[in-house]
Amino acid sequence: MKGYAKNLGIEFIKIDSNISDLLKWDFLHTHVPRNTSAILLFQKLFAKYYYSSSYRYEDTNIGPHYNIALADPAAVHLLSTETLECISVGCQYSRVEKTKRITKLPDVNHWLNVCASANSDGRNCSVCWKCCRTLLTLEILGILEDFKHVFDLKKWRSVKNRYLKKVLEDKTDQYVTEIREYANLVDYHFKPWHLVASKIYVHMVGYPFKPWKVIPSKIYKFVTAALKKEQISDSLVH
């Protein structure tokens, strides 16, 4: 981030905190006040704090939930003071739309970092849930190769099939729902064996059995072979 700010001619202020050592609550339960607390500490330097929303307006909710971000439009401004205005921004866009907009920024393909488990050198790990979500979005947008400087595309292709199973069948994750919706919008087609594999995935989750014991062996072997062949093919091409 420091390098990107320098490229844009923007002053960069690095903040380090031990708040996680003191506040033992889960990050998803507390990230809005956690992050805003850093700005409140320096509120004499800022008049407005724009806090990027996590969800679209239509997906937000006020009520019991593990993720405080669902209440962003109603909650973020409550942290404002007499001299600092806290503003939730971006609820008009889905996560896919935000990714698309960000790719238009100058040199972003050399600086983008979304990783939830970043390597020590600051690169994206390319296999965590945040990296996978972003990489599949970039692939659907048709600009995946443009980001080879910040992602390890070989690692991504090694986990892509597994992630696609989740994307095609998980109805509880709003972010992957947005990916499916956008894929349909731009007529992006998933492979037939990905669709079958997602069904296998659903039957496997939460059950202590081996899939080849309950799914017809010919179907299971065909899907497994197709997925493996595709992974090898990707490695050879790229």
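The values are calculated or read from the model by the stated rules, or taken from the named source; none is laboratory data. Worth saying up front: this structure is predicted, and the values here are computed from it rather than measured. Cβ coordinates were reconstructed from backbone atoms using ideal geometry, including for glycine residues, and neighbour counts include every protein chain displayed.
On the stretch given as the stretch 133-158, residues that are crowded, with 17+ Cβ neighbours inside 10 Å and part of a loop (DSSP other than H, G, I, E, B) total 3.
Among 109, 113, which is touching a residue at least 12 places away in the same chain (Cβ under 8 Å), out of contact with any strand residue (DSSP E or B) (no Cβ under 8 Å at 6 or more places or on another chain), more than 23 Å from residue 177 (Cβ to Cβ) and buried (at least 17 other Cβ atoms within 10 Å of the Cβ)?
Details: 113 fails: buried (at least 17 other Cβ atoms within 10 Å of the Cβ).
From the options 109, 113, the qualifying one is 109.
To keep it simple, each residue is scored yes or no on (1) within 24 Å of the chain's Cα centre (by Cα); (2) within 24 Å of residue 113 (Cα to Cα); (3) not aromatic (Phe, Trp, Tyr).
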site	(1), (2), (3)
9	no, yes, yes
22	no, no, yes
28	yes, yes, yes
31	yes, yes, yes
41	no, no, yes
52	yes, yes, yes
72	yes, yes, yes
78	no, no, yes
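Residues in the stretch 164-182 include at least one that is under 17 Å from the mean Cα position of the chain (by Cα), part of a helix (DSSP H, G or I) and loosely packed, with under 15 Cβ neighbours inside 10 Å. All conditions in (1) surrounded by 14 or more Cβ atoms within 10 Å (Cβ to Cβ); (2) without any contact (Cβ under 8 Å) to a residue 60 or more places away in the chain; (3) in contact with a helix residue (DSSP H, G or I) (Cβ under 9 Å, 6 or more places away or on another chain) hold for residue 130, with the sole exception of (3).
When you check residue 213 against the structure, is it charged (D, E, K, R), at pLDDT below 65 and either surrounded by 13 or more Cβ atoms within 10 Å (Cβ to Cβ) or in a helix (DSSP H, G or I) (or both), yes or no?
Values: charged (D, E, K, R): yes; at pLDDT below 65: yes; either surrounded by 13 or more Cβ atoms within 10 Å (Cβ to Cβ) or in a helix (DSSP H, G or I) (or both): yes.
Yes.
Could you check the stretch 71-96 and list, in sequence order, the residues that are among the aliphatic types (A, V, I, L, M) and within 22 Å of residue 38 (Cβ to Cβ)?
Here is the first cut: in the stretch 71-96, the residues among the aliphatic types (A, V, I, L, M) are 71, 74-76, 78-79, 84, 87, 89, 96.
Residues satisfying the conditions are 71, 74, 75, 76, 78, 79, 84, 87, 89.
Scoring residue 90 on the criteria (1) out of contact with any His (no Cβ under 6 Å at 6 or more places or on another chain); (2) in contact (Cβ under 8 Å) with a residue 40 or more places away in the chain leaves a single failure, condition (2).
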